[in-house]
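What follows is a single structure, written as structure tokens, with notes after it.
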Amino acid sequence: MKQYEVLKFIKISTILLLCFFISCSTKHVVNTTGARIVSDVQNVMYYTNDIYNFYTEINTIQDNNLIDTVVDKRKNRILHLADFNNRRDTILFAGKSDIIVLKKQVKDLSKFRVINLSDTILSKYPFDYWKVNFYRQIIIDKKHKTYIINDIIPYKNRFLQIIRFNETDYNAEVDPTDLNDIVSYYYFYKETIPQTKETYISILENKKPAVPDIFELLNNLFTNDSLFNYHTAYLVQSKEYNYNTPANIGIFKQMLATYYSFADDAVKSDSVWRQWSNRKDTCNCAETGTISDLMKTISQNQIVMFNEAHHIPMHRLLLENLLDTLYMQGFRYLALESFANDSLFDKTGYISGDNGIYLREPTFANLVRKAYSLGFKVFGYDAMTANRENVQAQNIYDQTIKQDSTAKTVVLAGWGHIDKNAMTGEFEKISGVKPLTIDQTVGYNFCDKNNAPDVPYLFKPSADMLGVKVDLYLCNNLRLLSENKNMLNIPEEIRAVCKTVCFYKQNEFDFLRSQNKIPLPVAVISTNDNASVSFNLKKGDYVVIFQDSFGYILKKYQLTVEK
């Protein structure tokens, strides 16, 4: 190397080294404007800021709860490791083991792990702030035996950086080579949210925010900007303690089970329902007939009414399996309690989120698709009025027998509506036609299906079984899980955050999106943190959507199933 090159190298190295030492030794100033330190009755401390409108839990700070205005050498070193930029970043707080920074920009988030705040603020605060991801990076300073949790939170048009650090012998508490261990260890946010000026007063008085209505909670989490979030039930499941009162627990369990069914998770749906309903799995359900016997009886009737439990997709699957035979027997109308009519569906057969809440469950949506393709006139008949049973019956009559005295109609109703003292009895009074009624809910609650073959059968319930008064009782022991033919790998770059894979019919998806409608999937699979999922779809073209825990699209691509 020539002499001038050596001198140039030394000069550049000196400048870089000087810059390094200057950056490490700078006494950064803390901006304390609008800052407050408060604690609740459990002596949990919070940093609040009226100017920037947020608050977060902090660890113990210096004596007298004063906020330091100058960062010491130790914290300065930690700031340097956490990529603090003195020109663009503002230090809001520097405590014993916490530093809070307001950042204008973040240089690189690729080395951070994505985590969401749902576990800490779900069900407490305005819906917009549940859908928040933050980014966590672990920094190990072996020389000083310090590990640092460096979290970045998107905040309005900037970022909040919250740095937690511990300068003990971390080897005794965590494995520094195992990032999952480090990430799950130590402190997790309890609150990092926008606030009103009354927030810190609520903390001081230990006030609990009002628990949101469970229907509103679920619907707001489920409804995204462009697609539905099929991970909703998994987000809400840990919030049972907010609804654990006699007045709330029943409806919470029912709705949680229903939203698990939307995700095609029959195991979890059944488990939640079992906890609430004390469902039994053993009884002496003597078989009185087969599905063939059932279809012979159905063929002799003009109006046939099935009921369903709204969280049991198998009750819809049975009807879907029977549609071909029903059509051959002359049935041309399918009346659904949980269906909202619109002209777009009548014209195209494409169902969207506008067609009813229970259509969010893929098996129900597939039932409607098949009925339309076979030539059934599909319509909804429900009415949430004081005389609901009578209005339901009138709506069915008006759209069938009133227009065509020979109309053969299949009805799928919820729970007890097919009782002879409910909608069914009202329909007979209005039309003069007695419907054949078939119950599936009693069999669900009592018949032993754990070891039963996958073949539904008619049975006679014993006297101790509670249920609706109907003509026939059916034990529907179908299982949603069929032999999956295909395997789909979850792309490696999104594997850590992907929670749900949704499959949509390509033409239906594209058309509905062009109409600003939310399309409904033909299949939903929860990843359960696996690297791949298995599926079984009919031949055709599909859109595959990978979603995170809040339903945001991580990746989308087309899939063709050849056979």
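Results, tabulated for the structure shown:
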{"read-out": "Hits in the range 7-61 (condition: modelled with pLDDT under 55 and hydroxyl-bearing (Ser, Thr, Tyr))", "value": "SER23, SER25"}
{"read-out": "Residue match in the range 360-373 (condition: out of contact with any helix residue (DSSP H, G or I) (no Cβ under 9 Å at 6 or more places or on another chain) and either open to solvent by less than 10 Å² (accessible area, probe 1.4 Å) or more than 16 Å from PRO519 (Cβ to Cβ) (or both))", "value": "yes"}
{"read-out": "Whichever residue in the range 471-490 is in a loop (DSSP other than H, G, I, E, B) and open to solvent by less than 20 Å² (accessible area, probe 1.4 Å) and, among such residues, is modelled with the highest pLDDT", "value": "ILE490"}
{"read-out": "Candidates THR363, THR325, filtered to the one that is β-branched (Val, Ile, Thr), more than 18 Å from GLY414 (Cα to Cα) and in a helix (DSSP H, G or I)", "value": "THR325"}
{"read-out": "All positions within the range 203-235 that are within 10 Å of the chain's Cα centre (by Cα), modelled with pLDDT of 85 or more and open to solvent by less than 20 Å² (accessible area, probe 1.4 Å)", "value": "LEU218, PHE222, PHE228, ASN229, TYR230, THR232, ALA233"}
{"read-out": "Test set (1) of a type outside the set (S, T, N, Q); (2) in a helix (DSSP H, G or I); (3) more than 21 Å from LEU480 (Cβ to Cβ) - PHE331 fails condition number", "value": "(2)"}
{"read-out": "Residue, most open to solvent (accessible area, probe 1.4 Å), within the range 322-352, restricted to residues that are free of Cβ contacts under 8 Å to residues at least 40 places away in the same chain and not charged (D, E, K, R)", "value": "MET328"}
{"read-out": "Search result, residues across the range 530-540 that are open to solvent by 10 Å² or more (accessible area, probe 1.4 Å) and touching a Ser or Thr at 6+ places or on another chain (Cβ under 9 Å)", "value": "ASN536, LYS539, GLY540"}
{"read-out": "The range 378-409, subset under 32 Å from the mean Cα position of the chain (by Cα) and part of a strand (DSSP E or B), residue nearest to SER338 (Cα to Cα)", "value": "GLY380"}
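Conditions (1) under 20 Å from ASP354 (Cα atoms); (2) open to solvent by less than 20 Å² (accessible area, probe 1.4 Å); (3) in a strand (DSSP E or B); (4) among the polar types (S, T, N, Q), marked per residue:
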{"position": "PHE503", "(1), (2), (3), (4)": "yes, yes, yes, no"}
{"position": "PHE511", "(1), (2), (3), (4)": "yes, no, no, no"}
{"position": "ASN528", "(1), (2), (3), (4)": "no, no, no, yes"}
{"position": "TYR542", "(1), (2), (3), (4)": "no, yes, yes, no"}
{"position": "LEU559", "(1), (2), (3), (4)": "no, no, yes, no"}
{"position": "LYS563", "(1), (2), (3), (4)": "no, no, no, no"}
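The values are calculated or read from the model by the stated rules, or taken from the named source; none is laboratory data. Predicted model, so just to flag it, every value in this text is computed and none were measured. Heads up, the Cβs are rebuilt from the backbone with ideal geometry, glycines too, and the neighbour counts pull from every protein chain shown. With ligands, DNA and RNA removed, areas are computed over all heavy atoms of the protein, side chains included. Shrake-Rupley method; radii C 1.70, N 1.55, O 1.52, S 1.80 Å.
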